[in-house]
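Colleague: Sharing a structure below in structure tokens format, with a few things to ask.
Each value in this text was obtained by applying a stated rule to the coordinates, not by laboratory testing. Computed from a prediction, not measured in an experiment: that's the story for all the values here. When we count neighbours, we look across all protein chains shown, and the Cβ atoms used for this are built from the backbone with ideal geometry, even at glycine.
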């Protein structure tokens with residue numbers, strides 16, 4: 001199957017990451033040198049921009065601008081949370097035809113892979129030769145097939161640096177500190193807090209992820225035990241924790257068009273659990289809760305070098321596969337070849353294997369109901385990169401006089 | 001008045017900062033080379049460690065450890081929020097005598113200056129020659145007399161980098177974003193969000209500080225206007241905003257021993273104002289609230305170079321004043337000599353001028369009820385240092401076909 005000659009279109013969708021623009025720039029670079037792609041267009045706000053024909057010419061961008069954009073968090077093409085209807089997908093295909101778009105690169109998570117999958121099915125039913133690739137990104141790290149997702153390493157780095165700070169802060173003024181971390185369906189990002197452990201008594205001392213059922217009684221008992229042993233307790237808890245019946249501990253009413261509950265951008269879970277702790281362990285206990293916010297995916301300066309590099313490369317790989325392989329559609333997966341030295345390769349995956357469903361943490365990465373395993377630390381460490389080192393005084397006591 | 005020969009004691013008190021250990025190390029360094037200070041002790045958890053005689057020997061620390069500690073956020077000596085009684089101050093003086101402590105350096109904010117002031121008065125009534133200096137630190141930047149406070153520049157840098165991220169994140173997925181920033185009594189840290197403005201339509205679009213009365217109606221009208229004009233609205237709001245009667249918009253019951261309400265570590269204010277916006281502007285409006293947490297004072301990697309350097313130097317200056325001047329007590333103030341190039345000098349201030357009361361932002365630094373002035377930006381910029389630059393695509397439209 002010869003690669004068609006025509007234009008390429010790029011869209012960004014879903015929650016942005018620190019490195020989503022690395023992938024954008026990777027696609028643009030590779031498209032420019034592909035030999036078959038004439039113009040490189042960007043759709044503003046993903047599929048919405050396609051439907052409204054809000055397209056921009058990425059060929060107009062200088063290399064310097066592209067490099068600066070690659071280093072900037074947020075979606076430079078702007079993003080969208082929209083699941084197109086079948087009718088809208090047909091309209092999108094008509095737009096592709098009218099602009100002679102033969103290559104579509106959709107940068108997003110599992111919802112975006114689903115959009116790409118539906119688009120590709122409709123295109124497949126017409127005789128229009130369209131190459132449609134999903135370029136993965138998500139701070140949640142919950143895409144199937146791939147070893148890990150571009151965007152995760154940087155968000156994990158932000159989380160780890162925050163817990164590094166909390167370790168020294170709560171050691172200064174002891175008490176219980178709850179940190180609510182993003183991750184609706186999977187605990188990957190919450191688990192990354194464990195990378196902040198440098199001294200044997202460092203936190204997080206307890207880690208709760210959605211992969212195991214959350215028991216409020218168990219939580220209170222865990223905190224009480226750690227507090228008694230260490231005089232302080234730092235807790236990492238996923239926004240998506242739920243009871244044995246699957247009911248979220250923090251309920252919220254807002255639902256997006258993919259059926260996702262809005263959990264982020266509210267301090268409810270942390271405040272609620274603080275109140276439980278004070279009621280059960282005594283009002284004198286110092287309890288503080290932080291709900292890590294959008295800084296997890298956008299704090300300027302948190303990008304992991306490995307993550308940035310991989311996000312860039314995965315954009316290039318998508319273009320190579322679209323222009324040099326026989327497959328008209330696909331997503332890109334990362335395969336880890338070795339951990340020491342850290343080495344990966346990239347591979348095409350069927351869109352339907354990545355679409356819609358998410359990937360929870362495997363049980364081998366967890367330990368009991370409130371911790372991660374050594375295997376998780378080994379998995380996550382290279383993605384986050386070298387972390388700053390906390391130092392302590394030696395605390396040599398002065399002889400009492 | 002000849003400087004006495006004896007030991008020095010250092011304590012850290014109040015909320016830690018990114019650079020509070022720079023001041024600690026500055027004191028240790030200067031004490032070691034003072035010629036009159038024999039041993040340098042640290043009190044664990046500030047005045048509490050003095051009363052319980054939990055003292056450590058800082059002379060045992062290598063230079064390498066001290067340098068690493070200086071780069072670590074949190075209080076390496078651990079901190080305390082405690083206002084000693086008169087009786088406890090007398091007990092503390094007895095401890096100083098017993099350990100031949102002739103020099104006390106208390107690193108903290110206005111509450112710590114008050115503790116130092118009380119201690120110095122009691123020491124002054126005895127014939128014991130004690131030099132007692134307050135070494136200022138606070139992310140709130142609300143100490144009187146000084147141009148600015150060590151700790152502020154780094155916290156302001158964290159806030160600015162968070163808003164930089166929000167600017168690109170909310171531009172990606174438009175809506176209203178509220179960020180609640182620390183600062184009970186003064187808006188300095190909230191105001192630092194304005195440093196994130198790089199493009200003309202960048203946020204924060206609205207800034208609310210405790211120096212002006214907060215009107216919920218005015219707030220809703222402001223947000224509605226910005227949202228209508230730009231399609232998005234990023235708001236910086238201090239945790240300490242209050243109505244015209246002085247009543248806090250977010251009320252909380254917990255009070256520490258200095259009479260301070262606990263406002264941080266709860267998402268109540270942001271969640272409350274989100275609900276107001278949804279109720280008044282329509283439930284379809286995307287509204288998200290983040291309450292910036294303890295990362296503001298502890299995120300590992302946010303230290304401003306200028307802030308770190310000044311925090312170190314102010315520790316050295318305190319030792320020089322204690323050992324080489326005639327004044328037995330004081331606090332250290334920073335005087336800004338010039339802004340371009342940025343240059344400061346350090347000066348002794350009377351303890352009582354710094355103790356207890358705080359310094360709000362001057363009206364010249366504010367603009368109306370919802371913004372800061374150009375004078376504030378000029379004031380804050382050198383303290384925070386160079387920020388990362390956000391880049392945008394040129395958005396050259398593709399001709400509709």
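Colleague: Run the simple label-point estimate for residue A:309 and residue A:279 please: 7 Å along Cα→C-beta, distance reported in nm.
Modeller: Going from the residue A:309 label point to the residue A:279 one covers 5.1 nm.
Colleague: If I fit a long axis through the Cα atoms of helix A:268-281 and take the longest principal axis of the Cα atoms of chain A, what angle between them do I get, 0 to 90°, rounded to 10?
Modeller: Around 20 degrees separate the two axes.
Colleague: In addition: For the residues A:335, A:230, A:132, what sequence is obtained by ranking on other C-beta atoms within 10 Å, fewest first? Don't skip to the end; give the middle numbers.
Modeller: Details: A:335 12, A:230 16, A:132 24.
Listing A:335, A:230, A:132 from fewest to most nearby Cβ atoms yields A:335, A:230, A:132.
Colleague: Work out the FRET efficiency for residue B:62 and residue A:378 from their Cβ-Cβ distance, taking R0 = 45 Å, and round it to the nearest 0.05. List each step's numbers first, then the result.
Modeller: Values: r = 32 Å, r/R0 = 0.71.
After rounding, the FRET efficiency stands at 0.90.
Colleague: Still on this model: Does anyone have the angle between helix B:305-324 and the longest principal axis of chain B? Alpha-carbon axes, 0 to 90°, nearest 10?
Modeller: Taking Cα atoms only, the helix is inclined about 20 degrees.
Colleague: Further question on the same structure: Hey, can you rank A:340-351, A:235-246, B:78-89 by average C-beta count inside 10 Å, highest first? Don't skip to the answer; put the middle values down first.
Modeller: Details: A:340-351: 14.7, A:235-246: 20.3, B:78-89: 18.7.
So the order, starting with the most tightly packed, is A:235-246, B:78-89, A:340-351.
Colleague: OK, next. Just to be sure I understand: with springs between alpha-carbon atoms less than 10 Å apart, which residue in A:300, A:133, A:163 has the highest mean-square fluctuation in the Gaussian network model of chain A?
Modeller: Per the Cα network of chain A with a 10 Å cutoff, A:300 tops the list.
Colleague: Calculate I(q)/I(0) for the range B:1-79 by the Debye formula, one identical point scatterer on each C-alpha and no solvent, and give its log10 at q = 0.13, 0.14, 0.16, 0.21 Å⁻¹ to two decimals.
Modeller: Reported log10 I(q)/I(0), two decimals: -0.38, -0.44, -0.57, -0.94.
Colleague: Just to confirm the numbers: residue B:275, label point 7 angstrom along the Cα-Cβ line, distances to the other copies in nm, shortest first?
Modeller: Ordered by distance, the counterparts are at 1.0 nm.
Colleague: Could you let me know the centre-to-centre spacing of the range A:39-110 and the range B:311-330, using Cα atoms, in angstrom?
Modeller: 61 Å
Colleague: How many percent of Cα pairs in chain B exceed 39 Å? Let's see the in-between values first.
Modeller: Numbers: 18430 of 80200 pairs.
Summing the P(r) tail past 39 Å for chain B gives 23 percent.
Colleague: Still on this structure: Give me a single rounded figure for A:277-287: the average over its residues of other chain Cβ atoms within 10 Å of their Cβ.
Modeller: Numbers: counts 0, 1, 0, 0, 0, 0, 2, 0, 0, 5, 4.
Whole-number average of other-chain Cβ neighbours for A:277-287 is 1.
Colleague: Can you list, shortest first and in nm, the gaps between the label point of residue A:392 and those of its counterparts in the other copies, using a point 7 Å from Cα in the C-beta direction?
Modeller: For residue A:392, the other copies' label points sit at 4.8 nm, shortest first.
Colleague: What is the mean number of Cβ atoms from other protein chains located within 10 Å of the Cβ atom of each residue in peptide B:53-59, rounded to a whole number?
Modeller: Working: counts 4, 4, 6, 6, 7, 5, 2.
Across B:53-59, the average partner-chain Cβ count within 10 Å equals 5.
Colleague: Ok, one more. Residue of B with Cβ nearest the axis relating B to A, plus distance in whole Å?
Modeller: B:267, 1
Colleague: Take the Cα atoms of the protein assembly as shown, find their three principal axes, and give me the spread along each one in whole Å, biggest first.
Modeller: Projected onto the principal axes, the Cα atoms of the protein assembly as shown cover 99, 54, 46 Å.
Colleague: Given points 7 Å out from each Cα along the Cα-Cβ axis, report the residue B:225 to residue A:343 separation in nanometres with one decimal.
Modeller: Output for this residue pair reads 6.2 nm.
Colleague: So for the range A:33-139, averaging the separation of alpha carbon pairs under 8 Å that are six or more residues apart and normalising by length, what relative contact order in percent results?
Modeller: On the way: 114 pairs, mean separation 25.4, N = 107.
With pairs under 8 Å counted, the relative contact order is 24 percent.
Colleague: Could you work out the relative contact order of chain A, using alpha carbon pairs under 8 angstrom and six or more residues apart, expressed as a whole percent?
Modeller: Numbers: 884 pairs, mean separation 88.6, N = 401.
After rounding, I find 22 percent.
Colleague: Can you sort B:176, B:19, B:95 so the residue with the fewest Cβ neighbours within 10 Å comes first?
Modeller: Numbers: B:176 25, B:19 30, B:95 18.
Result, fewest neighbours first: B:95, B:176, B:19.
Colleague: Given R₀ = 22 Å, FRET efficiency for residue B:324-residue B:353 by Cβ-Cβ distance, to 0.05?
Modeller: Details: r = 21 Å, r/R0 = 0.97.
Efficiency, from the Cβ-Cβ distance: 0.55.
Colleague: Give the calculated FRET efficiency between residue A:97 and residue A:215 to the nearest 0.05, with a Förster radius of 60 Å applied to their Cβ-Cβ distance.
Modeller: On the way: r = 55 Å, r/R0 = 0.92.
The calculated FRET efficiency here is 0.60.
Colleague: A further question follows. Under the convention of a label 7 Å out along Cα→Cβ, give the distances in nm from residue A:230 to the same position in every other copy, shortest first.
Modeller: 4.0
Colleague: List the relative contact order of the range B:305-401 as a percent without decimals, with contacts defined as Cα pairs under 8 Å and 6+ residues apart. Please list the in-between numbers first.
Modeller: Numbers: 69 pairs, mean separation 22.3, N = 97.
Reported as a whole number, the value is 23 percent.
Colleague: I've got another one for you. Ranked by Cβ crowding within 10 angstrom, fewest neighbours first, how are A:62, A:23, A:215 ordered? Could the numbers behind the result be given before it?
Modeller: Working: A:62 9, A:23 32, A:215 16.
Result, fewest neighbours first: A:62, A:215, A:23.
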